[in-house]
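The values are calculated or read from the model by the stated rules, or taken from the named source; none is laboratory data. Given the structure is predicted, the values throughout are model-derived calculations rather than measurements. Cβ atoms come from the backbone with ideal geometry, glycine included; neighbour counts cover every protein chain shown. The accessibility values were calculated without ligands, DNA or RNA, using every heavy atom of the protein model including side chains. Shrake-Rupley method; radii C 1.70, N 1.55, O 1.52, S 1.80 Å.
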Amino acid sequence: MSCAQPADPPQTTAPADRRELVIAVDGPSGSGKSSTSRAVAQRLGLAYLDTGSMYRAITCAVVNHGLDPAADPQAVIDLVRGAHLELSTVPGIERVVIDGDDVTAQIREPATSAHVSSVATIQPVRDLLIDRMRAIVAECGHRIVVEGRDITTVVCPDAQLRVLLVADPAARVARRSAELKGSVGMDQVTDQVIRRDHDDAAVSSFQAPAPGVEVIDSTFLTLHQVVDTVISLVPGPDPVPTKTNTTTSTKERHD
């Protein structure tokens, strides 16, 4: 595996600092965690991992193989165990490939969103992907912003900064609808946002902060304000950018 960051990350006036800096961001759908995390990573010159894209990539493979997670969860688990994932960890550059198939566009399609919870709620699938997430964090030298579900409590419980980003349900639905640019009806968007949070809550704790987790309510904040708030919470000296490669490739290894 190799970790990716911007070839020419934004410079800061901070003193040279190559310390570990993991920023873990949890939050419900539409809370703004992806946009915030990407922007924070860009500002600080860190790698960026959207863990949701990993579940979505697996979902694409499940759909493309005609698997039924409810009827045959073991087939999904086996698929995950053998899958080869390639993920860009450059903030602002999305590229997701699974077993040689570029699913970058497919992971954002409504059909994928409709099925992702049925895959993501299979606990052994979560366990396998969590191992991969931790491996990516290590490959990036523990200088990365990681966002998704269970990031502050399970994936990166020792992160230097842990944030729970929340927002009013109406604001979250409106944001997701804006992202989809009217391609999906409001009722379907509401179902995807609210139902997925309800489904994921059965296997993931992301709606209430664990001890030591900072809570930021983004309902009435601009993206710039949220990003500034996160950066203001980074402990210790300001980080400076580092340079690495372009893609993170990950394949689960089991004896």
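For segment 35-45, putting each phi into the Karplus relation 6.51 cos²θ - 1.76 cosθ + 1.60 with θ = phi - 60° gives couplings of 4, 5, 5, 4, 5, 4, 4, 5, 5, 9, x Hz, in residue order, rounded to whole numbers and with x for Gly and Pro.
When both bridge partners sit in segment 21-232, DSSP labels roughly 20% of those beta bridges antiparallel. Accessible surface area normalised per residue over segment 21-232 is 40 Å², counting heavy atoms of protein chains with a 1.4 Å rolling probe.
Sorting 108-115, 20-27 by average packing, meaning the other beta carbons within 10 Å per residue, from highest down gives 20-27, 108-115.
In a Debye calculation with equal point scatterers on the alpha-carbon sites of segment 21-232 and no solvent, what is log10 I(q)/I(0) at q = 0.07, 0.12, 0.16 Å⁻¹? Scattering profile of segment 21-232, log10 relative to I(0): -0.19, -0.58, -1.09.
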